[in-house]
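Step one of this worksheet: look at the structure below.
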Amino acid sequence: MGRFAGAWLQICASEPGLNEPTTKMTNISTQTELESRIAQREAVVAVVGLGYVGLPLATVFASGGFDVIGIDTDPGRVAAINSGVSYIQDVPSALLTDLTDGDKNAESASGNLSATTDYAAIADTDVVLICVPTPLGKTRDPDVSYIVSAANSISHHLHKSMLVVLESTTYPGSTEELVLPHLLKHAPENFSVGAEFHLAFSPERVDPGQGKWTIVNTPKVIGGVTQACTNVALALYSSVVDKVIPASSPKTAEMVKLLENTFRAANIALVNEMAIICDRLGVDVWEVIDVASTKPFGFMPFYPGPGLGGHCIPVDPQYLAWKMRTMDYTARFIQLAEEINFGMPKFVVDKVSDALNGHAKPLKGSKVLVLGVSYKSDVADLRESPALDVIHVLTSKGADVAFHDPYFDHVDAEEVSLDRTELTAEVLNHADCVVVTAGHSVYDWQWIVDNTRLLVDTRNATSGIGPTDCEIHRL
Ligand code: SAJ
């Protein structure tokens, strides 16, 4: 249905004498108009923020038949997308090339994807999905400046029958207390949410680096400010994802996401503490977890590691903790989990120091090779990586540190700046100790241990190797 037909519905709806109050009919016509444009794939979708959430999401909507306009403040990202070059591990360049190829034939099932730095493009769209970063500031309080900036920019171009969805993980209440007022700041007169435009929260659920769960097959939670908002957002997402899950409000949907990620942070902290306890008991924590995992109900394995990385799990629970502090409540589980998880890099360095000590070698002056600096195995992402903390602490204690990671040729770990070393048998042999902080599957672990004298494995990456002379210490 074209925009004119929708407008006709609106004129009828406001016709005096109808037995429905005009406002209600306007809501319905606005909702109906947008839903029909979605159904016809005539709705144009804008995605603001083209990072590890926004770019995959943009490709899903374009592949689903929508014309998509990606908006990002980084001209490099915009140029890369428009020239079909992907910078996100889970988005193939071939897909971008196909979606950004302007002259698709009429039968093409996909829509066209293009990118721009100009928010004015929003004026020609029907849906805006906000996927901007929500980091922590220097004091580890929420930094919502990206959300506020996006909402302000969008508000200049907000028009009738639009749907705005916040996908960025944030504290409960953000959509209604933060996004809504900024959207209305420059909106036309008499613009109300649920009537002239719609607003919802729908958390991203992306697990970088694994292929099984995608945007399409992962259930999508949606909480609208009004029922009409929820309905429109359900109509939008159900056109591209297999399952949509309505929540009763944006705040509920915001809290769902924070429970999901706090659940992970707390359970990772629990198992990290179990690693510390098993270390003192002289018990293999990896065997304990594997054997406990035979329990067919009421148990879910998590695994110890060098700390908590990525830009979600270490960060999102702090948004909830901050919100609770403003309500005079201390979220103790979140606090304790942060304390344990952030203490792991030092625990790892203590293990390295003890291992060297067993060979009468002080940590100071010892050659330590760190293998795998990504925040987790098989991803190319350094954000909040605990490996950088391990490198920083090792260096601060006088160790002579080198690193290798197939995904990075350089790292900056606070004051430490390192170029990648080549990974050769000689380099391994030359190291007084090798520390595994990301268990990338591309590594030949048998070859590594066969050429290493002393190794500290924080990821159980060497669990599958055969007999070796290498002395291996695991968390
Ligand atoms: N980690 C452990 N032990 C574990 C699991 C993870 O030490 O048993 C560490 C990882 O090495 C990593 C950190 O925790 O440093 C976070 O890993 P993660 O896989 O929990 O988190 P992300 O950021 O890679 O992806 C997560 C999603 N992952 C999973 O659900 C498995 C999910 O938590 C969120 O949907 C997503 O971030 C997000 O964007 O919020």
*For the stretch 366-392, name all the residues that are surrounded by fewer than 22 Cβ atoms within 10 Å (Cβ to Cβ) and either within 16 Å of the ligand (Cβ to nearest atom) or over 14 Å from residue 434 (Cα atoms) (or both).*
377, 378, 380, 381, 382, 383, 384, 392
_Looking at the structure I just gave you, is residue 256 β-branched (Val, Ile, Thr) and open to solvent by less than 30 Å² (accessible area, probe 1.4 Å)?_
no
_Positions within the stretch 421-475 being within 16 Å of the ligand (Cβ to nearest atom) and in contact with a Pro (Cβ under 7 Å, 6 or more places away or on another chain), in sequence order_ = 437, 440, 458, 475
_The listed residue being in contact with a helix residue (DSSP H, G or I) (Cβ under 8 Å, 6 or more places away or on another chain), part of a helix (DSSP H, G or I) and modelled with pLDDT of 50 or more, out of 9, 57, 34_ = 34
*Give the stretch 277-298 a look and list any residue that's within 13 Å of the ligand (Cβ to nearest atom) and in a loop (DSSP other than H, G, I, E, B), or say none.*
293
_Name the residue that is nearest to residue 389 (Cα to Cα), counting only residues in the stretch 322-335 that are out of contact with any Pro (no Cβ under 9 Å at 6 or more places or on another chain) and either hydroxyl-bearing (Ser, Thr, Tyr) or within 16 Å of the ligand (Cβ to nearest atom) (or both)._
330
*Of all residues in the stretch 131-172 being in a loop (DSSP other than H, G, I, E, B) and of a type in the set (A, V, I, L, M, F, W, C), which is nearest to the ligand (Cβ to nearest atom)?*
131
*Check whether at least one residue in the stretch 258-272 is assigned to a helix (DSSP H, G or I), among the hydroxyl-bearing types (Ser, Thr, Tyr) and at pLDDT 95 or above, and report yes or no.*
yes
*For the stretch 48-94, what are the residues that are within 18 Å of residue 207 (Cα to Cα), in contact (Cβ under 8 Å) with a residue 40 or more places away in the chain and among the hydrophobic types (A, V, I, L, M, F, W, C)?*
50, 53, 57, 58, 60
*Kindly indicate which of 65, 17, 76 is part of a loop (DSSP other than H, G, I, E, B) and modelled with pLDDT of 95 or more.*
65
*Find the residue count for the stretch 342-371, including only residues that are in contact with a strand residue (DSSP E or B) (Cβ under 7 Å, 6 or more places away or on another chain) and hydroxyl-bearing (Ser, Thr, Tyr).*
1
*Pick from the stretch 173-214, criterion away from the ligand (no atom under 16 Å from the Cβ) and polar (S, T, N, Q), ranking: nearest to residue 322 (Cα to Cα)*: 175
_Can you tell me which condition residue 307 does not meet? The list is (1) crowded, with 22+ Cβ neighbours inside 10 Å; (2) part of a loop (DSSP other than H, G, I, E, B); (3) away from the ligand (no atom under 13 Å from the Cβ), and all the others hold._
(3)
*Test residue 59 against the stated conditions and say whether it is of a type outside the set (Gly, Ala, Ser) and buried (at least 23 other Cβ atoms within 10 Å of the Cβ).*
yes
*Could you tell me whether residue 222 is crowded, with 19+ Cβ neighbours inside 10 Å and of a type in the set (Val, Ile, Thr)?*
yes
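The values are calculated or read from the model by the stated rules, or taken from the named source; none is laboratory data. Computed from a prediction, not measured in an experiment: that's the story for all the values here. Neighbour counts run over all protein chains shown; Cβ positions are idealised from the backbone, glycine included. For accessibility, only protein heavy atoms count, side chains too; no ligands or nucleic acids. Shrake-Rupley method; radii C 1.70, N 1.55, O 1.52, S 1.80 Å.
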